[in-house]
Amino acid sequence: MESILENVASMMALSARTAPKTAGQDFVDIKILKGRDMEKLADAMEEYGAKTGKINYDRDARGIRDSGAVLLLSLNEALHAGLNCGACGFEKCNQLQLTERDEFAGPVCAWRLVDLGIALGSAVKTAGIFNADNRIMYRVGVIARREELIQGEIVIGVPLAASGKNIFFDR
């Protein structure tokens with residue numbers, strides 16, 4: 001099943017890459033984890049949860065260990081869209097000052113976050129077409145970023161599994 005899930009992850013990456021982006025500018029980075037990289041991620045998730053006392057990092061690490069592949073999507077060096085729309089909380093785009101935070105960097109242009117969301121939706125739609133169990137996971141992104149498995153201000157992970165029952169629900 002792992003090779004099949006890796007193929008599905010590749011198709012998901014294609015869907016994320018070709019998803020529409022604001023002004024046709026693409027700041028979404030994509031990486032597929034498998035094998036040892038997934039073990040490293042799961043180990044680091046458990047360690048981070050234990051060290052910080054934040055809940056469910058251990059639970060999600062178990063999900064990673066039971067998965068065949070993980071798709072990572074990030075916003076990397078995402079420039080503002082130049083719309084001066086105020087959706088980010090600032091009146092003008094040039095007021096946005098990226099600051100490193102504990103888990104992510106921000107604030108980020110709201111339209112670039114929409115781009116990431118559309119890419120994620122497109123990717124998980126593709127997983128659904130192939131009946132691959134998946135779940136969009138915030139905690140996976142936090143640790144993938146901390147471990148430098150992918151670069152970016154915001155990172156989201158989507159593990160993939162295939163079993164008789166979806167492992168990502170009823171957790």
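Observations on the structure shown:
- Candidates L14, L83, L75, L79: the one that is closer than 26 Å to I118 by Cβ and surrounded by 19 or more Cβ atoms within 10 Å (Cβ to Cβ) is L75.
- Test result for L116, out of contact with any helix residue (DSSP H, G or I) (no Cβ under 8 Å at 6 or more places or on another chain), at pLDDT 95 or above, outside any loop (DSSP other than H, G, I, E, B) and crowded, with 17+ Cβ neighbours inside 10 Å: yes
- Taking every residue in region 71-82 that is among the hydroxyl-bearing types (S, T, Y) and pairing it with any residue that is outside any strand (DSSP E or B), at least 6 positions away or on another chain, the pairs with Cβ-Cβ distances below 7 Å are S74/I150; S74/Q151; S74/G152.
- I167 modelled with pLDDT under 95 and under 17 Å from M1 (Cα atoms): yes
- Evaluation of A69 against (1) under 30 Å from S3 (Cα atoms); (2) surrounded by fewer than 21 Cβ atoms within 10 Å (Cβ to Cβ) (one fails), failing number: (2)
- Region 146-171 residues that are among the acidic types (D, E), paired with ones that are in a loop (DSSP other than H, G, I, E, B) (beta carbon under 8 Å, 6 or more apart): E153/N76; E153/E77; E153/A78; E153/L98; E153/F104; E153/V108
The values are calculated or read from the model by the stated rules, or taken from the named source; none is laboratory data. The shown structure was predicted, so the numbers you read here are calculated from the model rather than taken from an experiment. Cβ: placed from backbone, ideal geometry, glycine included. Neighbour counts: every protein chain shown.
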